[in-house]
Amino acid sequence: MKYFVIENEEQEIGEFLYDIADFFWNNGNEVYISNNYNDEIDYHDFVKKCDCIVLLVNNDCSAESLFENEQEKFRKDFDIKKSNTKKLMLVFSMNGVYSNAIPFPHKIFHFNKLNKNELKRFFNWSRKLNLFDKQS
């Protein structure tokens, strides 16, 4: 799969960006990081080509509002028609990981607080279930 990890400007959680990108990369996936693209056209092209958008958000909120807000931003920012297939999204927030991989956005993993130890727990859990491994 192709993952597009979008950098968060907030220093507090921006440090986790490369940990998350490394996890996907080390599982055999293609990974693109938003801060590597200065040209807006390239940036838009990568969002459209990637299978999954990965976000880091520095707050707690319900899965429904989080995905509704973020999907709307992507449709506007990247001129994606509402009728098109929704982008698969993973959102790392302060209290867990959310995904819209199933029809209704769900929290797939709970954090007490987003930090290195909680990320390691998530990565270990994902490995046990063979989640995010490159599909042959």
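The values are calculated or read from the model by the stated rules, or taken from the named source; none is laboratory data. This structure is a prediction, so every number in the text was calculated from the model and none was measured. As a convention, Cβ positions derive from the backbone with ideal geometry for all residues, glycine included, and neighbour counts pool all protein chains shown.
Only one entry of Lys113, Lys82, Lys107 meets the criterion of being among the basic types (Lys, Arg), at pLDDT 85 or above and either in a loop (DSSP other than H, G, I, E, B) or in contact with a His (Cβ under 9 Å, 6 or more places away or on another chain) (or both), and that entry is Lys113.
To keep it simple, each residue is scored yes or no on (1) exposed (fewer than 13 other Cβ atoms within 10 Å of the Cβ); (2) modelled with pLDDT of 65 or more; (3) closer than 21 Å to Phe122 by Cβ.
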position	(1), (2), (3)
Glu9	yes, yes, no
Glu70	no, no, yes
Met89	no, yes, yes
Gly96	no, yes, yes
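Taken as a whole, the stretch 31-38 holds no residue that is modelled with pLDDT of 85 or more and under 18 Å from Phe111 (Cβ atoms).
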